[in-house]
1. Relative contact order of the chain, please, whole-number percent, based on alpha carbon pairs below 8 angstrom and at least 6 residues apart.
2. May I have the convex hull volume per residue, in Å³, for the Cα set of the chain?
3. Amide H of Leu147 versus every other amide H placed in the peptide plane: which residues, excluding those fewer than 5 positions away on the same chain, fall under 5 Å?
4. Show that you can apply the helix-only estimate: for the chain, add -39,500 (n - 2.57) for every DSSP H stretch of four or more residues, divide by all residues, and state [θ] at 222 nm to the nearest 500.
5. On alpha-carbon atoms, Rg over Rh for region 28-123 using Kirkwood Rh?
6. Which ³J(HN,Hα) values, rounded to whole Hz and listed in residue order, are derived for region 51-60 from phi using the Karplus coefficients 6.51, -1.76 and 1.60 in 6.51 cos²θ - 1.76 cosθ + 1.60 with θ = phi - 60°, glycine and proline given as x?
7. In whole Å, how far is the Cα centre of region 83-103 from that of region 39-75?
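FYI, it's all coordinate maths here, none of it is from the lab. Every value quoted in this text rests on a predicted model; they were computed, and no experiment measured them.
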Amino acid sequence: MRLETTRLVLREFAEADWPALYAFESDPEAVRYQSYDPRTAEGCQALIRRCLADPAERPRRVYGLAVVRRAEGDLIGRCGLKLEDAALREGQLWYILHRAHWGRGYIPEAARALLDFGFGEVGLHRVWADCDPANAASIRVLEKLGLRREAHFREHAWLKGAWVDSLIYAVLDREWPTASPVAAP
């Protein structure tokens, strides 16, 4: 699978991608709001193996893609879409970016391409994302994409030794500009 935007290519991971993945997945600041601790080199290799197994699933449920700058060819992040409930045609969006590339609009660009795919090719009805209320940059990304805040769950999860709140943002197919109407199941 390959999605292209003006500046980016979203593609399947390759085993050789682990050092580039490790560069940001091991960074405590980059994973500060993620549900996991900084990854080890072995953890990054295991993540890539899981991503490499995803295309073989029938039907495919997880699209965890490498975010690569088109001109430079360097892997700078990852963006994903998980089909949470096939009957409800619902998916979950996630993303992470190397800190050196924050604030340049790469994640909204990558996520927009993935949402176009999810609503257009997969036929999703609803896509949601979970965000820590303290993560102002991620909130801006979700709002820039047109997702609407639906909920604020207080002390929703025990992460990294503390209770944390969660904001839920979502968008429906009829609200997404490139979505084609798909009949209900």
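1. The value is 18 percent.
2. 119 Å³
3. none
4. -7000 deg cm²/dmol
5. My calculation puts Rg/Rh at 0.97.
6. Per residue, the Karplus-derived 3J(HN,Hα) values read 5, 5, 7, 4, x, 7, 5, 10, x, 5 Hz.
7. 13 Å
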